[in-house]
């Protein structure tokens, strides 16, 4: 814990602000029902009301409070972002460790599979799969994970390849250390920071992808994600010639932008730290 | 310290850019929404069209299939594009059926023989003359190979018993039973050239230039499936009214209103929120569409037998707030549909049918202790998803759980045609047609064509409705037939074997200085679908 706080204190100002922004959205997500007077899925006022004392951010075409939807939308975005990133890093990390550790044919097959996944144009494929599996949050997470595990797999593999030639690993092996022991004691601690960088990068990517897929109408039509709010708003006929966009489109758009930027800045901070500490970690163990 | 400063500087720049972006968005929109700024500020209005200059009309595109009678997409924008190329014996104007390829017709006293006199000098678009054999061939070919929009069959059977060529400009159709809708049906059949189609075994796969040769006023001169663009050019040797519009182009437009404002399209559908923008400005004309397009909720009684119970269907009707749908989803530009199907704008609308205002208690009373849940299949258009959401919310109040499944429109239409749904939300036109649509919707067991309006009700049969529907078909006395239709609407409203939700009455805006001859067909909701909108009229 102390180490984490120390690490955060080393962040630049932008990094710290970014972290506060993420924290803010996490609080929104956790306490969404307490933070809003109105339900996120039921009409609570007249349709398309501008921001007022009652409805801080106005209402949408069904009369549902926008603030309530944004709070709940934060939950959806964060859940999709974190779950996708976690599954991708865990899955990709495992593939990377296996490929790096065993080498030979296993490495060859796994890496060819990774190459194959990497050359498939992702967005069109995600749209096709999204349409095929049907619109739901689970499917979106599944489709996003399917295309996100390759980057962590390659990074982890190359790291494992370099570690496995270290003398202490050879010694451990000669004493009969098994695969899981090696993962636990050596590979995981040393690849953890790399995985963290991938994790953070994937979060923002997943949030944008979820918003994009929802915006294209491939998300769960009744969920209240930020992307879906944008989808509904922008599909309103001639919205830019009315005043409605000022609250119905602008607020979810700003949320997506700030969240993604904040996550990217934090990712950048962690990456910067990693780069500056290259060459130091490999001697540990 | 230097590093920290650099990072801080970078961060400040990023924040600055963010702020600029936001203010740009706000700034841009101010120009668009500023009410003081007149529309003329944002439009480059075209001066009065020079009479010599050929008129080119651009409309919102989208792929609706290759415009042959066999390959167009079954929805209106597909079918009416096909009809620009392919003519029929009769046509529709504001008031009813009018002579077209047939300049006159006679009906025998027993109502079984229809003799049409055809215009002379009708030419196919490849220069060959049209003969009576072509007309006979078209009917026979469509009986063998049903087209997408299929007017040659009734209840799955061809209704024309015999076709005789009497003279070089006269043809007679004999039908087996007296039927008041036959004239409209025969008149609606598209003519295809025998010399091209007689060799075609699989019309669904027949593409190329020859497939789109008709005898209509427009030639298809460009079609791009990927971009959803079409171009129709006036056929110079057209036999009938001369085309006023030289070219009709369907161009891609992601936002129709924006495209209209930028002069990229010449016609736009607008909601009631935009009325003020164009009203009172003489450069624009706004017309309100008649309510002949509507949404309805279909119950699949084969798949979910609970819907066989009338009380359950009535409970759902009471449990959906149709007024709210009109107010919120259509922003007031619609009318609550009649449970008797024929909409308020229909000439034979019966105002005395049972109505289903939103009534939680009435719904609960009918549900009793039944536990009802169902999956609602809808298209993925914003309107449909919003309707589904409101239905889910209001039905929850009466104790019915709805699970919404949204798929793209074509998948939904296919699922309806293959009866693969529990409850489906669908929208289509054709609500203003002859009252025989009541028979087609409620009393047929064989689906005619693949039009989204032609689905049958799976698992539902009502002998009383069937008998009345059959009776009106043979009733030539208008008053008596009207009485039967009124009675039919009452039974249908009581039964609610599917639930009509609302009929849209949206607005269309255009610039009369560019083109002002738009026309509604008497039973249709869109001016751009009428062939006569583009032709010279007396």
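Some notes on this structure:
- Count - residues of the stretch B:401-440 that are crowded, with 23+ Cβ neighbours inside 10 Å, in a strand (DSSP E or B) and out of contact with any strand residue (DSSP E or B) (no Cβ under 6 Å at 6 or more places or on another chain): 1
- Criterion (within 18 Å of residue B:230 (Cβ to Cβ) and at pLDDT below 95) met by exactly one of B:69, B:74, B:146: B:74
- Qualifying positions in the stretch A:232-241 - at the interface with another protein chain (Cβ under 7 Å from one of its Cβ atoms), without any contact (Cβ under 8 Å) to a residue 24 or more places away in the chain and at negative phi: A:235, A:237, A:240, A:241
- Residue match in the stretch B:157-165 (condition: touching a helix residue (DSSP H, G or I) at 6+ places or on another chain (Cβ under 6 Å) and within 15 Å of residue B:105 (Cα to Cα)): yes
- No other residue among B:436, B:403, B:413, B:408 is away from chain A (no Cβ under 14 Å) and within 26 Å of residue A:127 (Cα to Cα) apart from B:413.
- Yes/no for residue A:136 being surrounded by 17 or more Cβ atoms within 10 Å (Cβ to Cβ), within 14 Å of chain B (Cβ to nearest Cβ) and under 30 Å from residue B:269 (Cα atoms): no
- Residue count, the stretch B:455-478 (criterion: in contact with a helix residue (DSSP H, G or I) (Cβ under 7 Å, 6 or more places away or on another chain) and either without any contact (Cβ under 8 Å) to a residue 40 or more places away in the chain or assigned to a helix (DSSP H, G or I) (or both)): 8
Residue-wise test of (1) within 14 Å of the chain's Cα centre (by Cα); (2) surrounded by 19 or more Cβ atoms within 10 Å (Cβ to Cβ); (3) away from chain B (no Cβ under 14 Å); (4) part of a helix (DSSP H, G or I).
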site	(1), (2), (3), (4)
A:158	no, no, yes, yes
A:162	no, no, yes, yes
A:171	no, no, yes, yes
A:185	no, no, yes, yes
A:193	no, no, yes, yes
A:197	yes, yes, yes, yes
A:201	yes, yes, yes, yes
A:211	yes, yes, yes, yes
A:229	no, yes, no, yes
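- Residue check for residue B:283: assigned to a loop (DSSP other than H, G, I, E, B) and within 14 Å of chain A (Cβ to nearest Cβ): no
- Subset of the stretch A:242-255 [buried (at least 23 other Cβ atoms within 10 Å of the Cβ) and facing chain B (nearest Cβ under 10 Å)]: A:244
- Within the stretch A:1-36, the set of residues being under 15 Å from residue A:273 (Cα atoms) and either more than 14 Å from chain B (Cβ to nearest Cβ) or not in a helix (DSSP H, G or I) (or both) comprises A:3, A:4, A:5, A:6, A:7, A:8, A:10, A:11, A:12.
- The stretch A:178-187, residues that are free of Cβ contacts under 8 Å to residues at least 24 places away in the same chain and either in contact with a strand residue (DSSP E or B) (Cβ under 6 Å, 6 or more places away or on another chain) or under 16 Å from residue A:98 (Cβ atoms) (or both): A:178, A:180, A:181, A:184
For (1) surrounded by 17 or more Cβ atoms within 10 Å (Cβ to Cβ); (2) free of Cβ contacts under 8 Å to residues at least 40 places away in the same chain; (3) within 26 Å of residue B:394 (Cβ to Cβ); (4) touching a strand residue (DSSP E or B) at 6+ places or on another chain (Cβ under 7 Å), each residue gets a yes or a no:
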{"site": "A:5", "(1), (2), (3), (4)": "no, yes, no, no"}
{"site": "A:8", "(1), (2), (3), (4)": "no, yes, no, no"}
{"site": "A:49", "(1), (2), (3), (4)": "yes, yes, yes, yes"}
{"site": "A:52", "(1), (2), (3), (4)": "no, yes, yes, no"}
{"site": "A:55", "(1), (2), (3), (4)": "yes, yes, yes, yes"}
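- The set of residues in the stretch B:421-439 being over 19 Å from residue B:313 (Cβ atoms) and in contact (Cβ under 8 Å) with a residue 60 or more places away in the chain consists of B:427, B:428, B:429, B:430, B:431, B:432, B:433, B:434, B:435, B:436, B:437.
- Considering only residues in the stretch A:17-36 that are modelled with pLDDT of 90 or more and out of contact with any helix residue (DSSP H, G or I) (no Cβ under 7 Å at 6 or more places or on another chain), the one that is farthest from residue A:257 (Cα to Cα) turns out to be A:34.
- The stretch B:377-400 - residue that is more than 10 Å from every other protein chain (Cβ to nearest Cβ) and without any contact (Cβ under 8 Å) to a residue 60 or more places away in the chain and, of those, surrounded by the fewest Cβ atoms within 10 Å (Cβ to Cβ): B:399
- Residue in the stretch B:318-355 that is nearest to the other protein chains (Cβ to nearest Cβ), counting only those that are under 13 Å from residue B:294 (Cβ atoms) and part of a helix (DSSP H, G or I): B:329
- Residue within the stretch B:235-253 that is at negative phi, surrounded by 18 or more Cβ atoms within 10 Å (Cβ to Cβ), part of a loop (DSSP other than H, G, I, E, B) and under 24 Å from the mean Cα position of the chain (by Cα) present: yes
- Qualifying residues in the stretch B:361-376 (those that are in contact with a helix residue (DSSP H, G or I) (Cβ under 9 Å, 6 or more places away or on another chain) and surrounded by fewer than 16 Cβ atoms within 10 Å (Cβ to Cβ)) - the one farthest from the other protein chains (Cβ to nearest Cβ): B:368
- Any chance residue B:182 is in contact with a helix residue (DSSP H, G or I) (Cβ under 8 Å, 6 or more places away or on another chain) and either modelled with pLDDT under 95 or surrounded by 13 or more Cβ atoms within 10 Å (Cβ to Cβ) (or both): no
The values are calculated or read from the model by the stated rules, or taken from the named source; none is laboratory data. Since the model is a prediction, treat every value here as computed from it, not as a measurement. When we count neighbours, we look across all protein chains shown, and the Cβ atoms used for this are built from the backbone with ideal geometry, even at glycine.
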